[in-house]
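S.K.: Sharing a structure here in structure tokens format.
Read the figures in this text as sums done on the coordinates, not as results from a lab. Quick caveat: nothing in here was measured; it's all calculated off a predicted structure. Because the Cβ atoms are built from the backbone with ideal geometry, glycine has one as well, and the counts that use them run over all protein chains shown.
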Amino acid sequence: MKLAVAGTGYVGLVAGVTFAEKGHNVTCVDIDEDKVELMRSGVSPIYEDGLEALMRKNYKAKKVEYTTDYKSAYKDADAIFIGVGTPEQPDGSANLSYIATVARQIAESIEKDCLVVVKSTVPVGTNDKVEQFIQDFLINDVRVEVASNPEFLAQGSAVHDTLQAERFIIGTESEWAENILKEIYEPFNIPIVSVNRRTAEMIKYASNDFLALKISYMNDIANLCELVGADIQDVAKGMSYDKRIGSKFLNAGIGYGGSCFPKDTQALNHLAQHNGYELKTIQSAIDVNEKQKTLLYRKANDRLITFNGLKVAVLGLTFKPGTDDLREAPSLENVPLLLDQGADVVAYDPVGAENFSKHYPEGKLSNGSIRYVSSVEEALEDANVCFVFTEWPEIKETSAELYKGLMRTPLVFDGRNIYSIDVMETAGVEYHSVGRRISNQVTKQKVMSNGL
Ligand code: UDX
């Protein structure tokens, strides 16, 4: 089939390249000329495992093309997928202006019957409006319908999540639309759940928000575990054997970030309010998450009394490993608090430092300073305290001895529960994590910059 994809972010680019991989002829459209040139040269504008290899292979085989010329991409496409962003607005609702722009361009370009497929996450009912909008602006006498096909890929495993998806959701209002989407997805050999358009839109929010709720629930239980002397990791393990609960998304920590969970919880909450309904479960998930993000900062602040003049190692800046994305990352909330208190932050992240330095350039900042280093060892050298914000493999593999040997005071606050408490204890590290006991606990005590 001849397909076009609007937007080359995580959703659009991965969809376009995987469609090409499965035999379709795809044109990916983006407004950014530099980005298009970059993609033509085989470079991915996003950091995503396995994506560049697929981009190069399919570009060489002429199965995928990149362009800013939307007119020629859309005019004779069998289906056009929309994968542009729907950023959160200050009131929690989704900004649909990018979708509207693309919808208008589609209406003015298509010259044959065409199915428009919205992959972007949009509030329930939006696709009805998109269809009406396109029909209103249509220039040629052609059949056009809008279908919903929400995307469930996670960053860092986007290609795998698409090629080995657990299901595809298609939301259509006619057999014609349903059949086109079934034909497009047929080569993937993955179960297809076919529902109506509004239901498909809701499945996306309900799925993401359920996972956000699951994480916030575990964080809530973790905080309670600390108060009553239970261990959250063992609690999660015990729960995971119950197939109704499952073993995934039970990791307590410093909260969820990224481009989906924070935005989609706000959006569903907003949708509920708009319809006169109070979605108490999701509001609670949002509240717990907000508080959880600065949990370690508050714990450390209480323990140290002040960060002023202390060298603070920060390990991990991105919202999760396997991505350079900083959206809603806990580091973005904690680092400014540390800087305000006069800390000298030394940060390490294998891929996220460059993006982070755009927000916080190296040098003196607020009452402290920030420096970026290229190894865990450099960050730990002479540090008075260390925070772990992201569980990158090289951070997970850092030994307790290294913390003990390199830091001026071996005091670690781990937001991802990646180390064994017993091992840290034996090595002589004072180790704080989330929902677990503290090793080598020292009560409130001022740590001086010379470590005493
Ligand atoms: C998520 C969904 O997984 C995906 O299906 C959807 O399409 C987009 O949103 P993503 O945001 O890329 O994907 O990452 P994910 O791996 O789901 O993690 C989201 C956040 O939850 C991260 O900050 C992660 O650290 C946190 N998390 C995840 C936990 O705190 N505990 C867990 O057990 C799992």
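S.K.: List every residue whose amide H lies under 5 Å from the amide H of Phe168, counting only residues 5 or more places away in sequence or on a different chain, with H placed 1.01 Å from N in the peptide plane.
M.R.: Under 5 Å from the amide H of Phe168: Ile192, Val193.
S.K.: Given segment 268-340, what whole percent of its Cα pairs are spread farther than 15 Å?
M.R.: Values: 1722 of 2628 pairs.
More than 15 Å apart: 66 percent of the Cα pairs in segment 268-340.
S.K.: Provide Asp76, Asp264 in ascending order of the number of other Cβ atoms located within 10 Å of each residue's Cβ, fewest first. Working shown, then result.
M.R.: On the way: Asp76 13, Asp264 24.
Ascending Cβ contact count within 10 Å gives the list Asp76, Asp264.
S.K.: Related question: At 7 Å along the Cα-to-beta-carbon direction for both Asp141 and Glu397, put a label point, then send me their distance in nm to one decimal.
M.R.: Taking the two extended label points, one gets 6.7 nm.
S.K.: Using alpha carbon coordinates only, what is the Rg to Rh ratio of the chain, with Rh defined as the Kirkwood radius? Don't skip to the end; give the middle numbers.
M.R.: Details: Rg = 24.2 Å, Rh = 23.7 Å.
Dividing the radius of gyration by the Kirkwood radius yields 1.02.
S.K.: What Kirkwood hydrodynamic radius, in Å, does segment 301-451 give when the mean of 1/r is taken over all pairs of distinct Cα atoms and then inverted? Don't skip to the end; give the middle numbers.
M.R.: Values: mean 1/r = 0.0661 Å⁻¹.
It is 15.1 Å.
S.K.: Let me ask something additional. Run through all the Cα pairs of segment 86-245 and give the fraction in each 5 Å bin from 0, expressed as whole percent.
M.R.: With 5 Å bins starting at 0, P(r) equals 2, 8, 14, 16, 16, 14, 10, 7, 5, 4, 3, 2, 1, 0.
S.K.: Right, here's the next one. Using only helices, what value at 222 nm comes out for the chain when you add -39,500 (n - 2.57) per DSSP H run of length 4 or more and divide by the total residues, to the nearest 500 deg cm²/dmol?
M.R.: Numbers: 19 runs with 196 residues, N = 452.
The helix-only estimate for the chain comes to -13000 deg cm²/dmol at 222 nm.
S.K.: Still on this structure: Normalise the Cα radius of gyration of segment 2-195 by 2.2 N^0.38 Å (N = residues in it) and let me know the number. Numbers along the way, then the final one.
M.R.: On the way: Rg = 15.5 Å, N = 194, 2.2 N^0.38 = 16.3 Å.
Compactness ratio reported: 0.95.
S.K.: Taking a quarter of the surface of the Cα convex hull of segment 203-291, what do you get in nm²? The partial results should precede the final answer.
M.R.: Numbers: hull surface 25.0 nm².
Mean orientational projected area (segment 203-291, Cα hull): 6.2 nm².
S.K.: What is the packing order of peptides 233-244, 385-396, taking the mean over residues of other C-beta atoms within 10 Å and listing the highest first? Walk me through the numbers on the way to the answer.
M.R.: Working: 233-244: 12.6, 385-396: 22.3.
The packing order, highest mean first, is 385-396, 233-244.
S.K.: Grab the beta carbon distance between His160 and Asp76, set R0 = 30 Å, and tell me the FRET efficiency rounded to 0.05. Walk me through the numbers on the way to the answer.
M.R.: Numbers: r = 32 Å, r/R0 = 1.06.
My answer for the efficiency is 0.40.
S.K.: Can you run phi through the Karplus equation (6.51, -1.76, 1.60; θ = phi - 60°) for segment 177-182 and list ³J(HN,Hα) in whole Hz, with x for Gly and Pro?
M.R.: Taking θ as phi minus 60°, the curve returns 5, 4, 5, 4, 5, 5 Hz for segment 177-182.
S.K.: Right, next: Please list, by residue number, every one of the GluC sites (Glu not before Pro) in segment 209-318 that is coil in DSSP and has at most 10 other beta-carbon atoms within 10 Å. Write out the running numbers ahead of the final one.
M.R.: Numbers: sites: Glu226, Glu278, Glu290; in loops: Glu278.
Of the GluC sites (Glu not before Pro), the ones in loops of segment 209-318 whose Cβ has at most 10 other Cβ atoms within 10 Å are Glu278.
S.K.: Compute the distance in nm between two label points, each set 7 Å from the Cα along the Cα-to-Cβ direction, one at Thr426 and one at Ser97.
M.R.: Placing both labels 7 Å along Cα→Cβ, they lie 5.8 nm apart.
S.K.: Oh, and also: If you take the beta carbon distance between Tyr277 and Phe210 as r and set R0 to 22 Å, what does 1/(1 + (r/R0)^6) give as a FRET efficiency, to the nearest 0.05?
M.R.: Working from the Cβ atoms, E equals 0.80.
S.K.: Among Tyr419, Tyr277, what is the fewest-to-most ranking by other Cβ atoms within 10 Å?
M.R.: Values: Tyr419 23, Tyr277 10.
By the 10 Å Cβ count, ascending, the order reads Tyr277, Tyr419.
S.K.: May I pose another question? With r as the distance between the Cβ atoms of Met448 and Val195 and R0 = 60 Å, compute the FRET efficiency 1/(1 + (r/R0)^6) and round to 0.05.
M.R.: Numbers: r = 62 Å, r/R0 = 1.03.
Approximately 0.45, to the nearest 0.05.
S.K.: Assign unit charges at the C-beta atoms only (+1 for Lys and Arg, -1 for Asp and Glu), then state the dipole size of segment 203-291 relative to its Cα centre in Debye, rounded to the nearest 20. All intermediate terms of the calculation are to be shown ahead of the outcome.
M.R.: Details: 9 positive and 10 negative charges, 73 e Å.
Dipole about the Cα centre, nearest 20: 360 debye.
S.K.: Given the Cα-Cα distance of Asp32 and Ala230 and 0.36 nm per residue of separation, how much length would full extension add, in nm? Display every interim value, and only then the final one.
M.R.: Details: separation 198, 0.36 × 198 = 71.28 nm, distance 5.22 nm.
Fully extending the segment from Asp32 to Ala230 adds 66.1 nm.
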